[in-house]
Each structure stands twice: as structure tokens, then as C-alpha cells.
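Take a look at the structure set out below.
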Amino acid sequence: YSQKKLDLNDYDCILVTEKDLTSLNSNCIYVDGVSLDEDEERRVAFSLAGFDLERDLVSKFDRRLFEVGSANSKEEIVRRMFSRAQDLGIVDPSALDSILEHERSNSSYFGNDISIPHAETLRADCRRTFISVFILNKKVPWDSFKVDMSLLLVINVGDSVRYQLWNYISLMISKPEYIASLRS
């Protein structure tokens, strides 16, 4: 922490001994100096090991959660992606309200003509973390942008992937080869 010139985003895991320092970066984990609890141990282990993109990230995609087609609005897109997950029984209907509320107050446009709608908080009302995908035949207005692909991301509160998932989603949408593989 005394090395202010360090870019904390360069690190997968940062252990801090002062609780208020956890607000510096989402990768900061508070250590009380005595021992780590079970959740902290999992978080440290996952931060150090990271994702195997070919296995861990791809496992969050399920072909039954893919749709290709047309839609008229971002709300229609979110509802259709959510409906697929609900039909599979992996998410409770109550999560939809949280996702739509987040959409009303925040933009989920992430560049590269992609949106990633998600709930404001991690969800206890989904069986597992999942990503539902809607690939659009033509671009649809999304806030002040247009998208041709939307990824509905719902993260189960008990899933340890939550510590790195956003970092890898960000990597995925910034790499044309990952996007091209989804769009094809």
C-alpha cells in the first residue's frame, strides 16, 4: 500500500492487513493476521490459480442458453435470455426484477457492440452461475449505443468463480477471436 505507484489492477490477489484498504481494488482480501476463513482461503486459491479459459469460463456457457434472432428492445432481449434460464430451472423468477432494475439505473454496454446485463448483486436464487447469450441478426439500440450481442450474466453467491469472472469476461470481449467464435 505504501507503494502508491503500483497499479493494483496488475495483481490477481492483494492481501491487506487493514480492513479499509479492501476498498482500493476488488482483488484486495483482508487478512486479520491470524487466519483466513474458508471463503477467504477459496478466494486466495482462486485468485492465484485463476481461470482455465478453455474449461472454467466456457463451462458457464450452455448451448441451451444461446439464441440467434431478432428483437426490438433491450428489455425484450433481457427477458428472452432470462426466460431460457428460467425454463431450465437454474434461476428463480425474482432475479429478473434485480436485473431489470440494474438496467434502468446503469448502462450494461461494454464496447465491441456487446452488452452484459446483470443483477446489481450476486444471487442466491440461482442454482449456478451462468451466461445466457443472444446474438442479434441486426443491431438493436442499447442506451446510446447499438449491440448485436448480449450476454446475460448471473452469478451464484456461493460460486468461487465470482472473484475472477468479470476479469475474464472483460478479456473475452476485448479479444476479437473470442467474440468471433461466439458470433459464428
(request) Tell me which of these SER107 doesn't satisfy, since it passes every other one: (1) within 15 Å of the chain's Cα centre (by Cα); (2) without any contact (Cβ under 8 Å) to a residue 40 or more places away in the chain; (3) buried (at least 16 other Cβ atoms within 10 Å of the Cβ). (result) (3)
(message) Restricting to segment 63-77, name every residue that is part of a helix (DSSP H, G or I) and free of Cβ contacts under 8 Å to residues at least 60 places away in the same chain.
(response) GLU75, GLU76
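Would you mind stating whether ILE155 is open to solvent by 10 Å² or more (accessible area, probe 1.4 Å), under 16 Å from ILE169 (Cβ atoms) and within 11 Å of the chain's Cα centre (by Cα)? Can you show your working first?
Values: open to solvent by 10 Å² or more (accessible area, probe 1.4 Å): yes; under 16 Å from ILE169 (Cβ atoms): yes; within 11 Å of the chain's Cα centre (by Cα): yes.
Considered against the rule, which asks whether it is open to solvent by 10 Å² or more (accessible area, probe 1.4 Å), under 16 Å from ILE169 (Cβ atoms) and within 11 Å of the chain's Cα centre (by Cα), ILE155 comes out as yes.
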(message) Just to check your reading of the model, which residue among SER70, SER83 is open to solvent by 40 Å² or more (accessible area, probe 1.4 Å), touching a strand residue (DSSP E or B) at 6+ places or on another chain (Cβ under 6 Å) and small (Gly, Ala, Ser)?
(response) SER70
(request) Filter the helices (runs of 4 or more DSSP H) completely within segment 78-184 down to those with at least 3 residues that are modelled with pLDDT under 85. (result) 165-174, 176-183
(request) Give the residues of segment 13-31 that are touching a residue at least 12 places away in the same chain (Cβ under 8 Å), in contact with a strand residue (DSSP E or B) (Cβ under 7 Å, 6 or more places away or on another chain) and open to solvent by 90 Å² or more (accessible area, probe 1.4 Å), sorted by residue number. (result) LEU15
(request) Please work out which one of (1) at pLDDT 70 or above; (2) crowded, with 16+ Cβ neighbours inside 10 Å is the condition PHE51 fails and give its number. (result) (1)
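The values are calculated or read from the model by the stated rules, or taken from the named source; none is laboratory data. If you're wondering where the values come from, they're calculated on a predicted model, not measured in any experiment. Methodologically, a virtual Cβ is constructed for each residue, glycine included, from the backbone with ideal geometry; neighbour enumeration extends over all protein chains shown. What goes into the accessible areas is simple: the full protein's heavy atoms, side chains included, and nothing from ligands, DNA or RNA. Shrake-Rupley method; radii C 1.70, N 1.55, O 1.52, S 1.80 Å.
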